[in-house]
Amino acid sequence: MENMKAAVFEGVGKLVIKEVPVPKITRPDQVLIEVEACSICGTDVHITANPPGYIATPNTILGHEFCGIIREKGSQVDQVDIGDRVVVNPNNYCGKCAYCRKNLPNQCEHIEALGIDYDGAFAKYCVVSDKVAYKISKDIDPAIAACAEPLACAVNGLNKVDVKPGDSAVVIGSGPIGLMIAMLLHKSGIDKLYLLETAAKRVEFAKGLGIAKVINPIEEDAKGMIAHETGIGADFVFDVTGSQIVTSVDLARKGGTVVLFGVNKQARREIAQCEITTKELRVQGTWLANATFPQAVKIIESKAIDLRALITDEIGLDQLHTGLESLARGEGIKIIVRP
C-alpha cells in the first residue's frame with residue numbers, strides 16, 4: 001500500500017509528522033484530491049496548544065484550508081471531474097437534519113469537520129465528499145486559492161450585517177480573517193475603519209496594508225480615539241479573537257451591531273447585560289461558512305482584494321511546527337504549507 005507523509009494530531013500537545021497510508025475513496029460521492037497548498041489556521045494553533053483551545057479527535061490528520069487537484073472520483077460524482085482544481089468547505093453536512101432543511105448547513109446536527117473530526121489536508125492526498133468541493137480557476141496561485149475557506153467564513157459574517165458607505169467599523173484582531181474582513185469592509189467604501197491589535201509584528205503588518213487606522217489598545221486609548229473621530233462610537237464592531245465581547249460592547253455606538261466571530265473555548269468574560277439592553281445593541285454570532293464558498297471563489301478569481309498581501313510564509317510539511325509557533329507568537333499572518 002502506498003504511503004504519504006502527514007501531520008497527525010496524536011493527543012494533547014502532540015503533533016507528529018509521519019508516514020501514513022494514502023487515503024482511499026470508500027463512498028460513491030467522494031473524491032481523492034492531491035493537495036497543492038494548505039493554509040495553517042488559528043484553529044490548528046488552538047488544537048495543538050496545551051491545554052487545547054479547540055478539541056480535535058486524536059490520531060487525525062490536521063489541515064482544513066486547502067486547494068488541490070481531483071485525481072480520482074466515486075461513481076456518483078457529477079459536479080466536479082478528474083483534473084479539476086477545487087477548494088473545499090471542510091465542514092461536511094448531512095443535508096437532511098432539521099438545520100440543513102432550514103438552509104443552515106453550518107449548524108448541521110451531524111456536521112463533520114475536516115482536519116478535526118476526520119483526516120485533513122496536511123498531507124499529499126485528502127478524501128472529501130463531492131458536495132463540499134468547489135471548482136476554482138487554475139490561473140489562481142494555489143497559495144491564494146487555499147485562502148478560500150477563511151474568506152468564505154469572513155463573507156458569511158459580513159453577509160449578516162448591512163454595511164453602507166459612510167459607516168464606521170472596528171475589527172478586533174488582525175490575524176488573517178480579521179484582515180480579510182477589514183479588506184472587504186475597505187472595499188465597501190466604509191468611512192472610518194479601525195483595526196485593534198496588540199502583537200507588535202501584527203500591528204506593523206496591518207499598518208503596512210494601508211486600509212485602516214491601526215490601534216494597539218495596550219498603548220493607546222482605543223475607545224477615546226474612536227469616540228472622538230466618529231462622534232458616537234462605531235456602527236459595527238467585529239470581534240475576531242473570540243474573547244473581546246466586553247470591549248466590543250464598549251466600542252459600539254448606541255443602536256450599533258457587534259459581530260462575534262472568533263472562537264476560543266478557553267475564554268470566559270463577565271459582561272454587564274444592561275450595556276447591551278440600554279444601548280439597544282444587536283449582538284450577532286457568526287459560525288463557519290454558509291453557502292458562501294461560491295462568493296469567496298468569485299472574490300478570489302476577480303482579485304477583488306489582495307490576498308497575496310496576507311501570505312507571509314510558504315513552507316514544507318516538515319516546517320509545520322515552526323509555522324504553528326510563529327502564528328502562536330502573533331508573528332506570521334497567512335502561512336501556507338506545500339505538502
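Can you pick out the pairs among Lys73/Lys131; Lys164/Lys207; Lys303/Lys334; Lys18/Lys265; Lys24/Lys131 whose Cα atoms lie more than 20 Å from each other?
Lys164/Lys207; Lys18/Lys265, as the Cα separations exceed 20 Å there.
Between Thr278, Thr198, Thr230, find the one with the highest GNM mean-square fluctuation for the chain; connect C-alpha pairs within less than 10 Å.
Largest GNM mean-square fluctuation: Thr278.
Taking every DSSP beta bridge that has both residues in the range 68-171, what percent is antiparallel when rounded to the nearest 5?
Roughly 90 percent of the beta bridges in the range 68-171 run antiparallel, per DSSP.
In the neighborhood of Ile271, defined by Cβ-to-Cβ distances under 13 Å, what is the net charge if each Lys or Arg adds +1 and each Asp or Glu adds -1?
Overall, the nearby charge balance is -1.
What does the C-alpha gyration tensor say about the overall shape of the range 42-184? Classify as rounded when a/c is under 1.5, otherwise prolate if a/b is larger than b/c, or oblate.
rounded
Given an 8 Å cut-off on Cα distances and at least 6 residues of separation, report the relative contact order of the range 212-293 as a percent.
Relative contact order, the range 212-293: 25 percent.
Using only Cα atoms, locate the centre of the range 80-112 and the centre of the range 236-283, then give the distance between them in Å, rounded to an integer.
About 29 Å separates the Cα centre of the range 80-112 from the one of the range 236-283.
Treat every Asp and Glu Cβ in the chain as -1 and every Lys and Arg Cβ as +1, leave all other atoms uncharged, and give the resulting dipole magnitude about the Cα centre to the nearest 20 debye.
520
For Lys334, Lys254, what ranking results if the residue with the fewest other Cβ atoms within 10 Å of its Cβ goes first?
Lys254, Lys334
Projected onto the charge dipole of the range 1-121 (+1 at Lys/Arg Cβ, -1 at Asp/Glu Cβ, origin at the Cα centre), which of Ala37, Ile70, Tyr54 gives the Cα projection farthest towards the positive end?
Projecting each Cα onto the dipole axis, the largest value belongs to Tyr54.
Please report, in cubic angstrom per residue, the volume enclosed by the convex hull of the alpha-carbon atoms of the range 161-285.
Taking only Cα atoms, the range 161-285 has a hull volume of 101 Å³ per residue.
From the convex hull of the Cα coordinates of the range 41-96, what is the mean projected area in square nanometres?
The number I arrive at for the range 41-96 is 5.6 nm².
Which one, Val128, Ile144, Ile218, projects farthest toward the positive side of the charge dipole computed for the chain from Cβ point charges (K/R +1, D/E -1)?
Val128
Calculate I(q)/I(0) for the range 73-147 by the Debye formula, one identical point scatterer on each C-alpha and no solvent, and give its log10 at q = 0.11, 0.19, 0.23, 0.28 Å⁻¹ to two decimals.
-0.32, -0.91, -1.17, -1.31
If we count other beta carbons within 10 Å of each Cβ, what is the order of Met4, Met183, Met225, fewest first?
Met225, Met4, Met183
As a footprinting exposure proxy, order His64, His46, His186, His110 by other Cβ within 10 Å, with the fewest listed first.
Ascending number of Cβ neighbours within 10 Å: His110, His186, His46, His64.
Compute the signed sum of charges (Lys and Arg +1, Asp and Glu -1) over the other residues within less than 15 Å, Cβ to Cβ, of Leu307.
Once positives and negatives cancel, what remains is -3.
Using a Gaussian network model of the chain whose springs link C-alpha atoms within less than 10 Å, name the residue from Ile172, Ile55, Ile82 with the highest mean-square fluctuation.
Ile82
In the chain, what % of DSSP beta bridges are antiparallel (nearest 5)?
DSSP beta bridges in the chain are roughly 55 percent antiparallel.
Highest GNM mean-square fluctuation, the chain, Cα pairs closer than 10 Å: which of Asn156, Asn216, Asn89?
Its mean-square fluctuation being the largest, the pick is Asn216.
For n ≥ 4 DSSP H runs only, could you compute -39500 (n - 2.57) per run for the chain, divide by its residues and tell me the 222 nm figure to the nearest 500?
Computed mean residue ellipticity for the chain: -7000 deg cm²/dmol.
Can you give the local net charge around Asn92? Use residues other than it whose beta-carbon is closer than 14 angstrom to its beta-carbon, Lys and Arg +1, Asp and Glu -1.
Summing Lys/Arg as +1 and Asp/Glu as -1 gives -4.
Only the coordinates and a few stated rules stand behind these numbers; no lab work does. What you see is a predicted model; the values in this text were computed from it and never measured. Note that each Cβ is placed from the backbone with ideal geometry, even for glycine, and that neighbours are counted across all protein chains shown.
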